[in-house]
Amino acid sequence: MSMEIQLPPVLVRSIVIVIWSAIALLVKPCSCSTQNRQIAPGFEGSEMNWIDHDGLFLFSNGSIFAFGFTTYGSKDTTSFLLQVIHLGTSTVVWTANRGSPVTSSDNFVFDKNGNAYLESGGTTIWSTSTSGKGATSMLLQDSGNLVVLGSNISAPPLWQSFGHPTDTLLSGQIFADGMTLVSKPNSNNLSYHLRIDSGDMILYADFRPPQPYWSLQQDSRKVINKIGGGMHSATLVSNSWNFYDQKRSLLWQFVIASGSVDANGAWAAVLGVDGFISFYSLDNGGSGAPSSTKIPQGSCDTPEPCGPYYICESGTRCQCPSILNRDSNCNPDITSPCSSETAFMLAKLDDGVGYFATRFLSPSAKSNLTGCTDACTHNCSCVALFHDSKSGDCFLFNQIGSLQQSAPNVTGVVSFIKIASDGGGNQSPRQEGGGSSGGKHSTIVVIISLATAAVIAVLIYFAIRIRQRKRLPEPSQGSSEEDNFLEGITGMPVRLGYRELQEATDNFSIKLGQGGFGSVYLGKLPDGTQVAVKKLEGIGQGRKEFRSEVAIIGSIHHFHLVRLRGFCAEGMHRLLAYEYLAKGSLDRWIFQNNDEGFQLDWDKRYNIALGTAKGLAYLHEDCDSKIIHCDIKPENVLLDENYIAKVSDFGLAKLMTREQSHVFTTLRGTRGYLAPEWITNYAISEKSDVYSFGMVLLEIIGGRKNFDPAESSEKAHFPSYAFKKMEEGKLKEVFDAKLKFNDEDERVETAIKVALWCIQEDLSLRPSMTKVVQMLEGLLDVPQPPTSSQMGFRLYANVFKSTSEEGTSSGPSDCNSDAFLSAVRLSGPSAIRGLRNSLLSNISCISWSKKKLIVIIIPLALQYVILDSLLS
């Protein structure tokens, strides 16, 4: 017997409404249940919306790669990362929010303004920053590149993941200068990064400061295709890693697989948590196992194949040094020596123990073993030192990873680490126990001998002091304070005697040039190292310069800054020994009055300008304290044998804390390169260096000085001429006529525009040196510089033109536009006085007319009154 249940009509209608509501929710515009090949503005959703596709919502056309939410880790299934993965091998190739996981309810949004972003709790975690740029779609290419496109699909993407790599590079992806590949942190929270630096590709460990552990230039496995040239980019092509210069000419190849491997296969280069770059085949059916080729090559060549302080031997065998064997964790228990009240001592490590970074870094100093150990002992940040007795190289480190056991034939390297000195007698490697029946007798003999020697030494010392006082005047209080200051500096370059430098320079016989506060001579140290010895002459500000250079330069190391090798502070003698650069200063290469000499081509000039900018950017932004150079000019840009630029002469540097944006200081620098704020006594900042760099950049571009009276009146003042040609749309007429260049080379106009931005009279309009570097590298667009602030340039140029025309029409004259500009280019009170007198001379020489009264004489008279009031 069957029974039929009759439902009330109201209940039936309610069930139907619920069903249709559920269907409507499932088919909302996010297309959550479909595999999207392209998404448009207005798209959004969370991991929960695509749970049926494991959180993936955007697929490449060939379903090779997918983009979406993946779990943060195998043990954490409630946190998610937004990633691009290779479906065949489940390899993650790009991550948007690495280190900042989100929940399953947090949204990915591609809004109607064209900006794609990931938000969590109302905070934007990641964004493409493409709002308002006309974005019309986002898609994932079969190459693995996630792109945001505009209406013109043939144009370059508005944004692409290939331009913002994380820890993986794919076939066809260009890794260019300015990009960085960063690994995930390991168990000790240490990360590694890869970047192109000064024409070389280098792997760094993120210690403080970073320590390099691999360099392409030093890897013998690379295949050389072209000699010379600096690397600018790298691309995985087939089964090799290719490296190119700025013109995309192939320099080197690094073969990552050979034999039966598909020549057209797709590869991924991954910088792992172990510090190695491994190469994975992504072909269909690939196992996901890495190639046998890896970077670096040796198992002990990464910073931490074992734990810190462990010695790594071939085959990754890890052994604790004998001095630390008493500690179960092989740790000297040094966390922060500078803030600890514990006493420390240096303990010698086992023979033949070295450190990976010494192969890639310049030594901290050149000295004997005693000088090296003293430098580390008196530097609270130093935790380890490595000294090579053959070369005198002394390396100091604030943080170290694993140690290395050197080859048996490597001798002369001595290693020390800093340990606590209150842990018992067995801590000291030099301490010896035991005694004998004759110990007391030996002790008495030693004490008597030492006391006698001490008395004799004191008598000799006082005799020498009395003799010196008869010969030399008493040193001033300032000199004494300076010597005390020098003695208190730790971690400084090696201190040299005056006689030692006198012999090294053959009694100062070969003069290289005349610099600020003294002359520079060629020298050769006993170990064969060539140096440029700067002999400070005079007192007063010269001493101030000396203290500044030794304290600042001794602690600064950068590829584009000249390295200070040593110094002399003996009596009244003040000398500085710099690394010697074979090609000399930049001015001798760009200010040539004839066409017979060697001409620097445009590529070299551009790289010199870029290197100089990088050096200044480091001084302004990357030092512990902001440093203003104050005297940027071609004479202070030195070139090595490969024409690599290095900024020199920090004697006029003014140290600034990062909290200061401006600083008042005494007038310094060289005429022709001073920013307007020097003359007007306005507060100076690093923007004053930017102005000087702009003047130097103009001279590099034009191959001439910024004022040349031999040129026509229009061209005499080069900055005015450059602004005029910019207004006329003829920028390339500013370029050095003696050089040839490609009309399609955009770097010419870029460099000129950057220079004109740098020499803006309004310092707030000048870019920072970091932005200058980015503009010269092509990472930032360079807008048209303004010309409204250059009225001073034009006024001077008009005056020169008028006075020169007057002179030519009336025969010989006392009016001299060159004298006027020379006064403009001077510095200090003498500059203002000379400018005032030159103005008065030019006013008296100009023939009177209504036009000249309005256009020339009245402005000159106003300037005279201002300068006269400054003097009074």
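Sparse packing (at most 14 other Cβ atoms within 10 Å of the Cβ) combined with a DSSP loop state is found for the following trypsin sites (Lys or Arg not before Pro) in region 146-248: Arg221, Lys226, Lys247, Arg248. Legend: distances between Cα atoms for Lys732/Lys771; Lys583/Lys626; Lys511/Lys604; Lys511/Lys725; Lys534/Lys740; pairs beyond 31 Å are Lys511/Lys725; Lys534/Lys740. The stretch between Gln297 and Asp142, if pulled fully straight at 0.36 nm per residue, gains 52.7 nm over its current Cα-Cα span.
Applying 1/(1 + (r/R0)^6) with R0 = 60 Å to the Cβ-Cβ distance of Glu503 and Ser151, what FRET efficiency is obtained, to the nearest 0.05?
Values: r = 73 Å, r/R0 = 1.22.
Once the sixth-power term is evaluated, E becomes 0.25.
Listing His232, His387, His573 from fewest to most neighbouring C-beta atoms within 10 Å gives His573, His232, His387.
Go through 38-46, 361-369 and give me the packing order, highest mean Cβ count within 10 Å leading.
Values: 38-46: 17.1, 361-369: 18.8.
Top of the packing list down: 361-369, 38-46.
Extension gain, Ser129 to Ile460, is 111.7 nm, computed as 0.36 nm per intervening residue step minus the present C-alpha separation. Close amide-amide hydrogen proximity is noted between Trp214 and Leu203, each under 5 Å apart and 5 or more residues distant or on a separate chain (H modeled in the peptide plane; Pro and chain starts excluded).
Phe591 to Lys226: FRET efficiency via 1/(1 + (r/R0)^6), r the Cβ-Cβ distance, R0 41 Å, to the nearest 0.05?
Numbers: r = 31 Å, r/R0 = 0.77.
Working from the Cβ atoms, E equals 0.85.
At full extension, Asn189 and Val445 could sit 86.6 nm farther apart than now, given 0.36 nm per residue minus the alpha carbon distance. Extending 7 Å from Cα along the Cβ direction at Ser63 and again at Glu313 yields two label points whose distance is 5.4 nm. Decide, for region 139-238, between rounded, prolate and oblate: order the square roots of the alpha carbon gyration tensor eigenvalues as a ≥ b ≥ c, take rounded if a/c falls under 1.5, and otherwise choose prolate if a/b is larger than b/c, else oblate. Cα axes put region 139-238 in the oblate bin. Would you list the P(r) distribution for region 43-288, with all Cα-Cα distances sorted into 10 Å bins from 0 and each bin expressed as a whole %? Taking all Cα pairs of region 43-288, the binned fractions are 7, 28, 35, 23, 7, 0 percent.
Just in region 675-730: which GluC sites (Glu not before Pro) are loop by DSSP and have at most 16 other Cβ atoms within 10 Å? Sparse-neighbourhood loop GluC sites (Glu not before Pro): Glu711.
Since every read-out is calculated from the coordinates, none of them should be taken as a lab result. No experiment lies behind these values; they were computed from the predicted model shown. Using ideal geometry, Cβ is built from the backbone for each residue, glycine included, and neighbour counts are taken over all protein chains shown.
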